[in-house]
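The values are calculated or read from the model by the stated rules, or taken from the named source; none is laboratory data. Since this is a predicted model, take the numbers as computed values, not measurements. So basically every Cβ, Gly included, is an ideal-geometry build from the backbone, and we count neighbours across all protein chains shown.
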Amino acid sequence: MLRLRATSLARDLPWIDCGDPWAVLVSEVMLQQTQVDRVVGPWRNFLDHYPTPRALAAAPLDEVLRAWAGLGYHRRARNLWRCAQEITERHDGDVPSDLDELRALSGVGPYTAAAVASFAFEKRVAVLDTNVGRVLARCVTNRRLTGPEATQLAHALLPRRDVARFNQAMLDLGATFCRARPRCATCPLARVCAWRRAGGEDPAPFSAGVSRAQPRFVGSRRQLRGQVLAALREGPATEATLRVAVDEGLRPDLSSVLDDLARDGLARVARGRWRLAEG
Ligand code: SF4
């Protein structure tokens, strides 16, 4: 059985043990597609603006999108804004602790729901992300796992007590040592790691829960979306003005990216001028 001493692995992250389910939920949404070190500052800033679900629910969307600056993947901001409205309407402004109720909120998938249930409410649920997926495939089984196998194994490993600390230790182990390129020489589990002991092909790629490499960012539509939204945060602009504001190599996709942003409810056009959506 895998035993982890949480304190020896823990990263020092401000949302751990903060005691505020809303702050935990915001951190988990921000961490969905952004590295930890890029989240800490924006997380503090966002909570300064919106310390409760009610505060976020009452804000206009264009203001929320400005407060999201620097994080990218702006659909998350819109989903979090909707999520805050749902929490306000359905749960009287309190983040729910029930897994199903969490999953019913906008932008909250299985991972985020489990993370909030565990870290904010000490529920006995496994938190399975790409980091934990690598640890399960390499350290515990030394084989590629299916989705149900990974889920079952993650739950079977949970200790009777201190589940949140165990989950955090697993995440930290994967993020610090058992990375895509593992740091086995300094890993505290090297002596018990099944893959390290047996050798052979790395079982982590294509194992359940382990994400593939991110597509290239530079030159992508994602980069162009970020540049357009950054320009619109400064104020309304025509498409011609936006064309000058974005990188030259990205300009051919500008019209279709503007259409995407309108479809996603992040921007709107009126009388030829684009602006951030208010809601
Ligand atoms: S020894 Fe290497 S493969 Fe095994 S858990 Fe540690 S980092 Fe991962």
Practice prompt. Just give me the residues in the range 233-244 being assigned to a helix (DSSP H, G or I) and either over 19 Å from Gly70 (Cα atoms) or modelled with pLDDT of 95 or more (or both), in sequence order.
Written response: Glu239, Ala240, Thr241, Leu242, Arg243, Val244
Worksheet item: Does Leu157 count as touching a residue at least 12 places away in the same chain (Cβ under 8 Å), closer than 18 Å to Phe119 by Cα and in contact with a Cys (Cβ under 9 Å, 6 or more places away or on another chain)?
Response: no
Item to complete: Consider Arg263 carefully, then state whether it is of a type outside the set (Ser, Thr, Tyr), loosely packed, with under 14 Cβ neighbours inside 10 Å, closer than 16 Å to Asp62 by Cα and outside the structural domain of Pro60 (by TED's automatic domain parsing).
Response: yes
Fill in: Filter result for the condition that a residue is within 16 Å of the ligand (Cβ to nearest atom), under 26 Å from Val29 (Cβ atoms), among the polar types (S, T, N, Q) and outside the structural domain of Trp22 (by TED's automatic domain parsing), over Thr151, Thr176
Thr176
Response to the item:
Residues of the range 105-134 being more than 17 Å from the chain's Cα centre (by Cα) and among the aliphatic types (A, V, I, L, M), in sequence order, are Val125
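Condition check ((1) in contact (Cβ under 8 Å) with a residue 24 or more places away in the chain; (2) of a type in the set (Asp, Glu); (3) under 28 Å from Pro205 (Cα atoms); (4) not in a helix (DSSP H, G or I)) across all residues:
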| site | (1), (2), (3), (4) |
| --- | --- |
| Leu80 | yes, no, no, no |
| Thr88 | yes, no, no, no |
| Ser97 | yes, no, no, yes |
| Glu101 | no, yes, no, no |
| Lys123 | yes, no, no, yes |
| Gly133 | yes, no, yes, no |
| Leu136 | yes, no, yes, no |
| Cys139 | yes, no, yes, no |
